[in-house]
1. Roughly how tilted is helix 158-168, in degrees to the nearest 10 and between 0 and 90, from the longest Cα axis of the chain?
2. Which entry in [x] 1.00; [y] 1.06; [z] 1.26 is this structure's computed Rg/Rh (Cα atoms, Kirkwood Rh)?
3. Straight-line reach from residue 161: which lysines have a Cα under 25 Å away, not including same-chain ones fewer than 8 places off?
4. Each label point is 7 Å from the Cα along the Cα-to-Cβ direction; what then is the distance between the points at residue 133 and residue 166, in nm?
5. Relative to the first principal axis of the alpha-carbon coordinates of the chain, what is the inclination of helix 123-152, with its axis defined by its Cα atoms, in degrees from 0 to 90 and to the nearest 10?
6. Taking a label point 7 Å from the Cα of residue 41 along the Cα→Cβ vector, which residues of segment 132-172 have an amide N closer than 13 Å to it?
7. How many percent of the accessible area of segment 1-169 is carbon or sulfur, using a 1.4 Å probe?
8. Determine the gain in length on full extension of the stretch residue 148-residue 112; use 0.36 nm per residue of separation and subtract their C-alpha separation, reporting nm with one decimal.
Amino acid sequence: MKDLLRTRTSLVEGVENILNLQAKLESDASNKYLAMAAWLDRNGYANTASYLYKQAEEEREHFLKVFKYITDMGGIAVTPSIPEVQQEFASLKEVFEIALQNEIAVTQAINKVIAKCRAENDYATEDFMMWYVAEQREEEKNARRALELFELIDENEAAGKFQLDVQISKIG
């Protein structure tokens, strides 16, 4: 049956596989942001928690966009399993250090998808992925901006924690 389905799609198997990996990465990113937001809520950072709840939802939308693309192209989209994610963080700053690392990892994965598309002459999927390239520039910029605020505002002071909570929530 898989061979019959393969004839009904322009996605080559290698592109379909790497797109499924990208969908999983986007889904995992959503769960990581959700855990970060919950930690922020528990630790009194209500504004920043709200910001990361929105990020979690945005990552879920990114996941669904890839997932739907695979099915729209006649491929087989694989529903990803939900792995354990980090629930506790040492500080507000650590949350954003990890967020930036995650965004860089997503950017690198997107680059691999595009490289695979080029190797397979899959221009339609490459075009589809260009939206993610632009989105990732924004995501990395926002994560870097959050970390820059820690250079300007002292996280170790009560007023600093409040200011960080307010200012980070205004990013983007």
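The values are calculated or read from the model by the stated rules, or taken from the named source; none is laboratory data. What you are looking at is a predicted structure, and each value in this text was computed from that prediction instead of being measured. No Cβ is skipped: glycine too gets one built from the backbone with ideal geometry, and neighbour counts run over all protein chains shown. Heads up: the accessible areas ignore ligands, DNA and RNA and are worked out on the full protein's heavy atoms, side chains in. Shrake-Rupley method; radii C 1.70, N 1.55, O 1.52, S 1.80 Å.
1. Once rounded, the angle reads 30 degrees.
2. Calculated Rg/Rh (Cα atoms, Kirkwood Rh): the matching label is [y].
3. 32, 54, 93, 141, 170
4. 4.0
5. Relative to the chain, helix 123-152 is tipped by roughly 10 degrees.
6. none
7. Solvent-exposed carbon and sulfur of segment 1-169 make up 53 percent of the total.
8. 10.1 nm is the gain from fully extending residue 148 to residue 112.
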